[in-house]
Amino acid sequence: MQLTGAQALIKSLEMEDTEVIFGLPGGAILPVYDPLIDSSIRHILVRHEQGAGHMAEGYAHATGRPGVAMVTSGPAATNIVTPLCDAYMDSVPLVVITGQVAYSSIGTDAFQEADTTGITMPVTKHNWLVTDASEIPQVVREAFHVATTGRPGPVLIDLPKDVANQTMEWYWPDDVDLPGYKPTTKGHPKQIKEAARLMGRASRPVIYAGGGILKARAAEALRELAELTGIHVVTTLMARGAFPDDHALGLGMPGMHGNYTAIAALQQSDLLIALGSRFDDRVTSKPDTFAPDAKVIHVDIDPAELGKVRRPDVPIVGDCRIVIEELIKAVRADRDKREWADTSDWDTKLDGWQRDFPLRYTQEEDGPLKAQYCIERLRDLSPDDTIVASGVGQHQMFASQYWHFNYPYTWINSGGLGTMGFAVPAAIGAKVGKPERTVWAIDGDGCFQMTAQELVTASAERIPVKIAILNNAYLGMVRQWQELFYEERYSEVYLSPDLPDYVKWAEAMGCVAFRVDTPEDVTPTIEKANAIDDRPVVIDFRVDYREKVYPMVPAGGSNDDVILGPEFDQPEAIQ
Ligand SMILES: Cc1ncc(C[n+]2csc(CCOP(=O)(O)OP(=O)(O)O)c2C)c(N)n1
């Protein structure tokens, strides 16, 4: 069967079971948009290519399947660099297709030419410049394989226009053979045995669970390991939902804005069992003061993570699910042989910290509206398995702190890159992937202004996402740092609560919109929003601009010096 390169590309995407492409056409990718008309693949026409990339990420986070985006050359390709970098940092499987000028014109500064493979090389797991149409099925097969195996991540296929117009003889490759790319999935049995032995000797062990748990579909295995050993679990910002917050062994989020118990548990631990986590600086703060007495078991599918920040005592390269399942067997065997250390003092200490230092804020009945209160009401009034996407800033930290994540794949955020503007398009992508679920974006007013136009996409495509803008009239997180560390010298952080008029703006984009000024309006308005399921809804919550996110570990400091905030008598240091 003879196909054009463009037809072969669409057919290859169908062979990979692509159900949706997020994209926007243009000159160089025109040939591929033609056969798309006859394809079963749904296309969602975005308003900006950054939106396409983040939608594909939201889709991938929610479904576990690779997100696919397609854009044209030059400025469209550069517009999608931010989502590629975002996906790279957070290990999100994406396949991005970019149009390119004709192969014969590459290097001539042709109209809308950009060196897309050069620009994206540092932010993709791999990329391909297709030089002949016959390569297309092979390249697509390889692209999906690389994006989804090992440590997942984004890949890019750059397709010159003349190659898309060439004809080729259709084939579908039986397998993928990439010399030099053979991710290790099974952990070394000796190391796993040693890990179990260390776990049995520790009297202050903590499981430090990262986003890798979710990527490896290892949440169930993690729960089994925790329950079998009675070891408490902290879940990083990327792992929220990987272990239920409501579980007796769940300690919640550690890090710069983590809760006291999670931070202190890591600090005082004598054994960290790091599973799919990467000792990010937002968790460790100053690495040489982090968890000084702890031995470390570090499990990661990416060997480059082991020893990158902290040298592990027991490094294990492998897929988290497979390794944890083996570790469970090793723990059982070890327990048959020897008595495990007593951890009851530690458990009592953790309980005490949880009792003495919970997350706390005050919402006065007639006082200014607090962001935390809005989030708690959203949480309690929405279905348990609601998917929450967030932007970046104070609202993101409040959302991670105050939502109770009890199910995996319900929390979607930009952890590594911290991309403002992520929430709206990511929520749209998640809703496309999981149309039966309620999807709330919790966004800041600054973030919302970066990608709000994708609500036009949501309205046009009938994707009924819900957006809560926590409108504090400021770039709040930056304001917080200027207040605390620059002597209240506020520089370029004021945005205004009314410019734009968020309700009118949302309505102009086809959404239903509400504004909430007082605590008493919060519940009825959320109830109204939750009852709408045929179009997007936006609530403009006017929240107190003075509120700060606590606890807080000052950047560059030690976790021992975590600041609890005005609601508490500050302890000297963690002890
Ligand atoms: C694209 C981008 N630009 C700048 C920043 C730096 N930054 C981090 S948080 C923040 C403020 C966010 O403001 P807003 O969306 O209103 O959220 P808030 O902190 O007020 O909840 C800024 C500017 C960023 N993370 N991403």
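Please find, within the range 466-478, the residue that is nearest to D445 (Cα to Cα) out of those that are within 7 Å of the ligand (Cβ to nearest atom), out of contact with any His (no Cβ under 8 Å at 6 or more places or on another chain) and not in a loop (DSSP other than H, G, I, E, B).
Y474
When you look at L381, is it more than 16 Å from the ligand (Cβ to nearest atom), over 17 Å from the mean Cα position of the chain (by Cα), open to solvent by 40 Å² or more (accessible area, probe 1.4 Å) and at pLDDT 95 or above, yes or no?
yes
For V130, are the conditions met, namely being more than 25 Å from M168 (Cβ to Cβ) and in contact with a Leu (Cβ under 8 Å, 6 or more places away or on another chain)?
Judged against the criteria, V130 is not a match.
Scan the range 547-558 and give yes if some residue there is within 30 Å of F357 (Cβ to Cβ), of a type in the set (K, R), assigned to a loop (DSSP other than H, G, I, E, B) and in contact (Cβ under 8 Å) with a residue 60 or more places away in the chain, otherwise no.
Yes - at least one qualifying residue is present in the range 547-558.
Restricting to the range 414-445, count the residues that are within 13 Å of the ligand (Cβ to nearest atom), small (G, A, S) and over 14 Å from the mean Cα position of the chain (by Cα).
Selection size over the range 414-445: 1.
Of the residues T236, T149, only one is more than 30 Å from T348 (Cα to Cα), within 25 Å of the chain's Cα centre (by Cα) and in contact (Cβ under 8 Å) with a residue 12 or more places away in the chain; which?
T149
Please verify whether the range 525-544 includes one or more residues that are part of a loop (DSSP other than H, G, I, E, B), within 16 Å of the ligand (Cβ to nearest atom) and touching a residue at least 12 places away in the same chain (Cβ under 8 Å).
yes
Counting only residues that are of a type outside the set (D, E), assigned to a loop (DSSP other than H, G, I, E, B) and away from the ligand (no atom under 15 Å from the Cβ), how many does the range 361-378 have?
Total meeting the criteria: 3.
For the range 71-105, which residues satisfy the criterion of being of a type in the set (A, V, I, L, M) and either surrounded by fewer than 18 Cβ atoms within 10 Å (Cβ to Cβ) or under 21 Å from the mean Cα position of the chain (by Cα) (or both)?
Residues satisfying the conditions are I80, V81, L84, A87, M89, V92, L94, V95, V96, A102.
Residue-wise test of (1) crowded, with 19+ Cβ neighbours inside 10 Å; (2) in contact with a Gly (Cβ under 6 Å, 6 or more places away or on another chain); (3) basic (K, R).
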residue: V155; (1), (2), (3): yes, no, no
residue: V163; (1), (2), (3): yes, yes, no
residue: W170; (1), (2), (3): no, no, no
residue: P205; (1), (2), (3): yes, no, no
residue: G210; (1), (2), (3): yes, yes, no
residue: A219; (1), (2), (3): yes, no, no
residue: E224; (1), (2), (3): no, no, no
residue: G241; (1), (2), (3): yes, no, no
residue: D246; (1), (2), (3): no, no, no
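May I ask you to list pairs of residues, at least six apart or on different chains, whose Cβ atoms are under 8 Å apart, with the first in the range 212-233 being closer than 12 Å to G250 by Cβ and the second being of a type in the set (S, T, Y) and open to solvent by 30 Å² or more (accessible area, probe 1.4 Å)?
I231/T343
Scan the range 59-70 residue by residue and report those that are open to solvent by 10 Å² or more (accessible area, probe 1.4 Å) and not in a helix (DSSP H, G or I).
Answer for the range 59-70, where residues must be open to solvent by 10 Å² or more (accessible area, probe 1.4 Å) and not in a helix (DSSP H, G or I): G64, R65, P66.
Look at the range 390-413 and say how many of its residues are near the ligand (Cβ under 8 Å from one of its atoms) and outside any helix (DSSP H, G or I).
Here the count works out to 3.
If we scan the range 166-188, do we find a residue that is part of a strand (DSSP E or B), β-branched (V, I, T) and under 23 Å from the mean Cα position of the chain (by Cα)?
Within the range 166-188, none of the residues are part of a strand (DSSP E or B), β-branched (V, I, T) and under 23 Å from the mean Cα position of the chain (by Cα).
The values are calculated or read from the model by the stated rules, or taken from the named source; none is laboratory data. Computed from a predicted model, the values in this text were never measured in an experiment. A quick note on method: Cβ atoms are made from the backbone with ideal geometry, for glycine too, and the neighbour counts reach across all protein chains shown. The accessibility values were calculated without ligands, DNA or RNA, using every heavy atom of the protein model including side chains. Shrake-Rupley method; radii C 1.70, N 1.55, O 1.52, S 1.80 Å.
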